[in-house]
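Peer 1: Structure incoming, see below.
The values are calculated or read from the model by the stated rules, or taken from the named source; none is laboratory data. On a predicted model such as this, the values are computed, not experimentally measured, just so you know. Note that each Cβ is placed from the backbone with ideal geometry, even for glycine, and that neighbours are counted across all protein chains shown.
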């Protein structure tokens with residue numbers, strides 16, 4: 001029986017029929033797979049975010065965490081014990097395991113290209129935590145290799161897998177909100193300096209999230225202007241707050257903010273909030289709609305939406321690897337997000353408005 005599926009590699013097919021015959025499609029990259037075997041996942045890296053990815057793999061019916069490799073072996077063994085999986089002494093050993101079908105790259109940003117390349121060359125699908133690469137050229141290299149290998153290489157743009165964000169996009173695309181006027185993507189969560197020291201600063205660490213959400217909801221911006229500051233760090237040089245203004249292609253304006261400097265304790269706080277305003281309606285999404293009173297890495301409560309977004313992302317990743325659906329965000333989107341980030345950095349460095357078109 002022929003299996004008709006969405007084609008996410010061939011734009012002409014999406015624009016005409018929206019479906020293709022994968023068994024005959026000349027530009028296919030991933031075979032449609034029907035199997036009862038869960039997709040075997042391996043982790044490169046066992047830092048803070050691995051806890052969320054492990055929970056996501058555990059909750060997805062079509063995935064199984066086989067094992068992990070971590071640069072610090074002792075920490076890796078501790079995490080593997082808590083996850084109920086095995087450890088590997090080297091990345092090569094993990095990639096040689098036939099039980100592993102896909103790798104989640106959860107290491108620090110500077111190593112992403114190296115480990116993504118290793119995984120793709122070993123024939124494994126890849127999910128890459130954001131930020132995907134240090135430069136646009138790095139992400140482009142990943143895209144070329146994934147296409148050559150015929151494998152999935154999906155960016156970890158987890159927030160767009162939240163139902164509230166997806167519903168907002170549906171409203172925008174259907175015209176239900178009228179003409180787009182303004183988009184706000186705000187993030188204000190205090191991070192202690194010892195935690196922030198592990199990150200490259202809020203521009204790369206957080207504004208990457210804001211950027212791919214803006215792209216998903218409203219498309220590519222035309223111009224960007226930005227500022228940053230360091231207000232509560234005493235030892236590390238990274239910025240702890242950055243604000244960004246953008247002009248969209250249709251003339252709408254967008255404002256992005258990322259801050260580790262302080263929490264927002266006011267009513268209806270902008271802990272993490274997305275607001276879209278159009279001439280015929282508006283939409284809102286907030287972390288604060290789902291809160292558990294549990295300690296997390298940097299605060300005394302857990303924002304359930306973040307965990308949920310990673311669970312949904314992993315569910316989608318498994319289906320993309322099977323060839324059943326297209327990704328909500330691909331490496332072209334990661335390239336566009338990186339273009340925004342580099343535009344932000346240039347705007348700050350040179351004190352100018354940067355043309356992104």
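Peer 1: Looking at (1) more than 20 Å from residue 157 (Cα to Cα); (2) touching a residue at least 24 places away in the same chain (Cβ under 8 Å), can you tell me which one residue 268 breaks?
Peer 2: Here residue 268 clears every test but (2).
Peer 1: Checking residue 323 against (1) on the phi > 0 side of the Ramachandran plot; (2) assigned by TED's automatic domain parsing to the domain that holds residue 290, which single condition isn't satisfied?
Peer 2: (2)
Peer 1: Given the conditions (1) surrounded by 15 or more Cβ atoms within 10 Å (Cβ to Cβ); (2) in contact (Cβ under 8 Å) with a residue 60 or more places away in the chain; (3) within 21 Å of residue 49 (Cα to Cα), and given that residue 210 satisfies all but one, which numbered condition is not satisfied?
Peer 2: Only one criterion is unmet by residue 210, namely (2).
Peer 1: Find the residue count for segment 272-290, including only residues that are buried (at least 17 other Cβ atoms within 10 Å of the Cβ) and either free of Cβ contacts under 8 Å to residues at least 60 places away in the same chain or more than 16 Å from residue 183 (Cα to Cα) (or both).
Peer 2: 2
Peer 1: Any idea how many residues of segment 291-310 are under 15 Å from residue 158 (Cβ atoms) and either part of a strand (DSSP E or B) or over 12 Å from the mean Cα position of the chain (by Cα) (or both)?
Peer 2: So the answer is 5.
Peer 1: Given the conditions (1) touching a residue at least 60 places away in the same chain (Cβ under 8 Å); (2) closer than 17 Å to residue 221 by Cα; (3) assigned to a loop (DSSP other than H, G, I, E, B), report the number of the one that residue 334 does not fulfil.
Peer 2: Evaluating residue 334 over (1) touching a residue at least 60 places away in the same chain (Cβ under 8 Å); (2) closer than 17 Å to residue 221 by Cα; (3) assigned to a loop (DSSP other than H, G, I, E, B) leaves (3) as the failure.
Peer 1: Looking only at segment 68-85, count every residue that is surrounded by 14 or more Cβ atoms within 10 Å (Cβ to Cβ) and not in a helix (DSSP H, G or I) and tell me the total.
Peer 2: 5
Peer 1: In segment 210-230, how many are under 21 Å from the mean Cα position of the chain (by Cα) and closer than 19 Å to residue 264 by Cα?
Peer 2: 1
Peer 1: Criterion first (surrounded by fewer than 20 Cβ atoms within 10 Å (Cβ to Cβ), in contact (Cβ under 8 Å) with a residue 24 or more places away in the chain and farther than 20 Å from residue 198 by Cβ) does residue 121 satisfy it?
Peer 2: yes
Peer 1: Still on this structure, please answer the following. Within segment 291-328, track down each residue that is free of Cβ contacts under 8 Å to residues at least 12 places away in the same chain and in contact with a strand residue (DSSP E or B) (Cβ under 9 Å, 6 or more places away or on another chain).
Peer 2: In the first step, residues of segment 291-328 are kept if they are free of Cβ contacts under 8 Å to residues at least 12 places away in the same chain; the result is 293-296, 300-302.
Correct list: 293, 294, 295, 296, 301, 302.
Peer 1: Give me the residue from segment 126-140 that is assigned to a helix (DSSP H, G or I) and either touching a residue at least 12 places away in the same chain (Cβ under 8 Å) or touching a strand residue (DSSP E or B) at 6+ places or on another chain (Cβ under 7 Å) (or both) and, out of that set, surrounded by the most Cβ atoms within 10 Å (Cβ to Cβ). Walk me through it before giving the result.
Peer 2: Of all residues in segment 126-140, those assigned to a helix (DSSP H, G or I) come to 136-140.
Now restrict to residues that are either touching a residue at least 12 places away in the same chain (Cβ under 8 Å) or touching a strand residue (DSSP E or B) at 6+ places or on another chain (Cβ under 7 Å) (or both): 136, 138-140.
Details: 136: 17, 138: 22, 139: 28, 140: 16.
Among those residues, the one meeting the criterion is 139.
Peer 1: Still on this model: Give the number of residues within segment 343-357 that are touching a helix residue (DSSP H, G or I) at 6+ places or on another chain (Cβ under 9 Å) and farther than 19 Å from residue 218 by Cα.
Peer 2: Of all residues in segment 343-357, those touching a helix residue (DSSP H, G or I) at 6+ places or on another chain (Cβ under 9 Å) come to 344-345, 348, 352-356.
Subset that is farther than 19 Å from residue 218 by Cα: 345, 348, 352-353.
Looking only at that region, the number is 4.
Peer 1: To continue, here is another question. If residue 352 passes every condition in (1) more than 22 Å from residue 248 (Cβ to Cβ); (2) surrounded by fewer than 16 Cβ atoms within 10 Å (Cβ to Cβ) but one, which one does it miss?
Peer 2: (1)
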